[in-house]
Amino acid sequence: MKMSGAEMLLESLKREHVQHIFGYPGGVVLPIFDALFKDPSLQVVLTRHEQGAVHAAEGYARSTNKVGVVLVTSGPGATNTVTGLADANMDSIPLVVITGQVPTKMIGNDAFQEADIVGISRSCTKHNFLVRRIQDLPRIIKEAFYIARTGRPGPVLVDLPKDVIVDKGDFIYPDSVSIRSYNPTMQGNRWQIRKAAQAISKAKRPVIYAGGGIISSDATKELLDLVTLTNIPTTLTLMGLGALSGTHPRFMGMLGMHGTYAANMAIHHCDLLIAVGVRFDDRVTGKISEFSPHSKVIHIDIDPTSIRKNFHVDIPIVGDAKNILKDLIEEIKEINKPEPPSKDKLIDTWIEQVDEWEKEHPLTYEHDTDVIKPQYVIEKVYQFTQGDCIVSTDVGQHQMWTAQFFKFIKPNTWLTSGGLGTMGYGFPAAIGAQKAHPDKRVIAITGEGSFMMNIQELATVASLDIPVKIVILNNKYLGMVRQWQEFFYGGRYSSSFIGQSPDFVKLAEAFGIVGLKASRHDEVENVILDGFSRRGPVLMEFHVDPEENVFPMVPAGGSNIEMIFEAPEHRDDRKKRDSILTA
Amino acid sequence: MSEIQKHFIQVVVENKFGVLSRVAGLFSARGFNIDSLSVAPGIDPTVSQMTIETQGDDHVVEQIVKQLNKLIDVIKVVDLSEFSFLCRETLLIRVNTARPGDREEAFRISEIFRARIVDSSPATYTIEVTGDTEKIEAILNFLKPLGIKEIIRSGKIAIAREEQHGGHRPSKHSIEGEYSHHR
Ligand SMILES: Cc1ncc(C[n+]2csc(CCOP(=O)(O)OP(=O)(O)O)c2C)c(N)n1
Ligand SMILES: [Mg+2]
């Protein structure tokens, strides 16, 4: 039986076990939406903006490790996906984004709603395809899913011209994929792993620095096994939070610009750095020439380009983190066989040192009952949920406070925009996660600035009754911008005051969902209790201390051990400001 | 940091729509240089052969090779600078031959460089010459006094010398054992 391109697409998606599509209709994709109307086995989540659809698919993907799927129209529909594509590309989130395109014969003619989305998205996707013939469609969809989820995951865009969508052909779905030019290395080199195991067994001051790769490769069990076996103090990147429980005694907290004192000190003083599923991002390393200056470096990553891109490596191991950690644990056990207990003693003083650093500068803030401290709200949300929930954030101070003060117990429960730092990511990401986990509590913690960037999705949660809980930490400022202006730009708050936000409670009500507000410290707990015990979507707004800052902070371009714990005294401190301007 | 050196990189890619722009886009997006580039289909018509002339220190060239390999449509990447290799380019040059003696001079120079006169008009010769960069620069110098009307220069192409191909020299772009197997 002949099938149309639209029908073939849906059949292919089903073969890939897709259940949800985040999308928005328009001219050239109408035949696909028509086919979806007739086929209820694929559920469309209609967002109110294509950017929202992509972030929702990202939240879906990050919370499940499955591929998120997006369907939008040509031209503006396609260009509206670009920020989401770039975000997913930076954070290695597997997506298949399907865009409509004008008919093949009209491509290049500046047809109505034509955009060269394959050209536009080339540098912000893992790969992209233009389907030129209907007989290629099933194979390309199969390859798109395969490329998106294997190796270092990422977004794949498939551009479907109108004529291919309506053409008819025979549907033959391939059973397997073989792309001669694409073979991600999965197993680590055994010799290298042995060398790594030997280095680990000899190290006196080792540190594990793990990231999002642990979550992508589903290696949390192996990471925990390694930490249990070796007792090595461990720090996680922003993307890695949840890879080791936030309550684990060896967890030192996040590292980097707003990392903990203990984590940054440990990285600086360690003699062995075990980097797994990380890419030595500049927000993590600070001044690279002063990052971890005394250590031998093991770097495990599936992406060969991550290795030695920013930082020297002594023992590189390319491959899947899960496989490599498994082999590494075996090798360490083999080495330890003759005399197992001495190992722990070797690093005992190191662990004591880390504990001391933790006591010296724990994560903290000034408790105050005259105002609502944003960190206090996050602590209360954590206490209420006990971490049994999925949390997304936007970008800014609230993001860093959540990373610091919320304890992520499990992987795939923390959704944030790390590499691109995309304001507007958090709320739609929560919608996607909630779709994947209808029975889980999903919370979007956001700022009044970021929330405005995808606020239209309130209509999505209202109309589909998606019970996301929104926590707005309203500090009346683009807080992170204000903090930098306070510290490094003489306190000149240029374009960072946004006190004229709408009345979010009324706005929630206008969209048809419940809105609650706390303006005083003693209202916080009640709002949380009330908001979280309601069934549907709820918006909770907290009027927090406007000039609260995120500490510790490593000024951009500074060395990670030059953390500051209070606002710089002299606002015109030349040296600091110059270093920031040249960073 | 190692010093900046010239490198010739051979890239075998899928002979597909848009692959050239993926490769070129990679170089511009990551701030790598392309000094010359030549592309043509291989004997197997499903692949294309590229020779890219670039420069950088060891660290940059390692990234170039790895980033090229990461492109889905790239089948194979070889940094020829790790081998002994031959490099050629072709020049089409149109010189003035209006004055008496010019034609003889152009003819003589062409003989010396084993170049060919491929087109002529009453006032010009068009000369084709193939060789390594030194030879091309040399003939250019000789022809200059005649007055050059136009020059078209091809990108460079390069090939490793036979006995070295598939040799055991490990790539200096990855520490031995970084991969479990070679692509
Ligand atoms: C799309 C986008 N535009 C601009 C920025 C730069 N930026 C980073 S944080 C920030 C302020 C965010 O304000 P808000 O959402 O209120 O969070 P707060 O820092 O106040 O908690 C801005 C403007 C960004 N990250 N993303
Ligand atoms: Mg704010």
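Observations on the model:
- Measuring r between the beta carbons of B:THR46 and A:HIS294 and using R0 = 51 Å, the FRET efficiency lands at 0.50.
- Rounded tilt (10° steps) of B:102-112 against the dominant C-alpha axis of chain B: 40 degrees
- Volume of the Cα convex hull of chain A, divided per residue and given in Å³: 156 Å³
- For the pair A:ARG441 and A:ASN109, the difference between a 0.36 nm per residue extended length and the Cα-Cα distance amounts to 114.7 nm.
- Between A:THR228 and A:ARG520, the modelled label-to-label distance comes to 4.9 nm, taking each label 7 Å out from Cα in the direction of the beta carbon.
- With a Förster radius of 41 Å applied to the beta-carbon distance between A:GLN386 and A:LEU30, the computed FRET efficiency rounds to 0.30.
- Surface per residue (accessible, 1.4 Å probe) for chain A, Å²: 38 Å²
- Tail fraction, Cα-Cα pairs, region A:295-367, threshold 22 Å, whole percent: 53 percent
- For region B:70-165: span of alpha carbons on each principal axis (Å, largest first): 56, 29, 18
- Panel note: the C-alpha atoms of region A:333-481, placed on their principal axes, show extents of 64, 39, 30 Å (largest first).
- Checking the Cα-Cα distances for A:LYS380/A:LYS517; A:LYS322/A:LYS359; A:LYS14/A:LYS105; A:LYS221/A:LYS440; A:LYS195/A:LYS337 against a 24 Å cut-off, the pairs over it are A:LYS322/A:LYS359; A:LYS14/A:LYS105.
- Amide H contacts under 5 Å for A:TYR477, placed H, 5+ residues apart: A:ILE498
- Whole-number D in µm² s⁻¹ for region A:396-549, Kirkwood Cα-pair radius fed into Stokes-Einstein, 10 °C, 1.306 mPa s: 99 µm²/s
- Value of [θ]222 nm, deg cm²/dmol, for chain A, DSSP H segments ≥ 4, -39500 (n - 2.57) each, nearest 500: -11000 deg cm²/dmol
- Excluding ligands, DNA and RNA and using a 1.4 Å probe, chains B and A jointly bury around 2400 Å² of accessible surface, summed across both partners.
- Applying the criteria of a DSSP loop state and at most 15 other Cβ atoms within 10 Å to the trypsin sites (Lys or Arg not before Pro) of region A:144-226 yields A:ARG180, A:LYS204.
- Other-chain or far-sequence residues with amide H under 5 Å of A:ILE390's (modelled H): A:ARG441, A:VAL442, A:ILE443
- Translational diffusion coefficient of region A:1-136 (Stokes-Einstein, Kirkwood radius from Cα pairs, 10 °C, 1.306 mPa s): 105 µm²/s.
- In degrees, nearest ten, helix B:58-70 long axis to first principal axis of chain B (Cα): 80 degrees
- Taking amide H as placed 1.01 Å from N in the peptide plane, A:ILE21 has its amide H under 5 Å from the amide H of A:GLN43, A:VAL44, A:VAL45, each at least 5 places away in sequence or on another chain.
- Note on A:ASP116 and A:HIS312: their simple-model spin labels are 4.3 nm apart, each label 7 Å out from Cα toward Cβ.
- In this structure, A:ARG534 and A:SER495 have a Cβ-Cβ separation that, at R0 = 30 Å, corresponds to a calculated FRET efficiency of about 0.25.
- Toward the positive end of the charge dipole of region B:1-155, with +1 on the Cβ of Lys and Arg and -1 on the Cβ of Asp and Glu, the farthest Cα among B:ASN69, B:ILE34, B:GLN5 is that of B:ILE34.
- Remark: region A:153-211 projects, on average over all directions, an area of 8.0 nm² (convex hull of Cα atoms).
- Among A:CYS389, A:ILE288, A:PHE542 the positive-end extreme of the charge dipole of chain A (Cβ point charges): A:ILE288
- Coarse-grained scattering of region A:144-269 at q = 0.11, 0.14, 0.16 Å⁻¹, given as base-10 log I(q)/I(0) from a Debye sum over alpha-carbon atoms: -0.58, -0.78, -0.92
- For chain B, taking the reciprocal of the average inverse distance between every pair of different Cα atoms yields a Kirkwood hydrodynamic radius of 18.6 Å.
- Placing dummy labels 7 Å off each Cα toward the beta-carbon, the span from A:THR364 to B:ARG30 is 4.6 nm.
The values are calculated or read from the model by the stated rules, or taken from the named source; none is laboratory data. Being a predicted model, the structure only gives us computed values, none of them experimental. For neighbour counting, all protein chains shown are included, and Cβ atoms are generated from backbone atoms with ideal geometry for every residue, glycine included. Quick note on the areas: whole protein, heavy atoms, side chains included, nothing else; ligands and nucleic acids left out. Shrake-Rupley method; radii C 1.70, N 1.55, O 1.52, S 1.80 Å.
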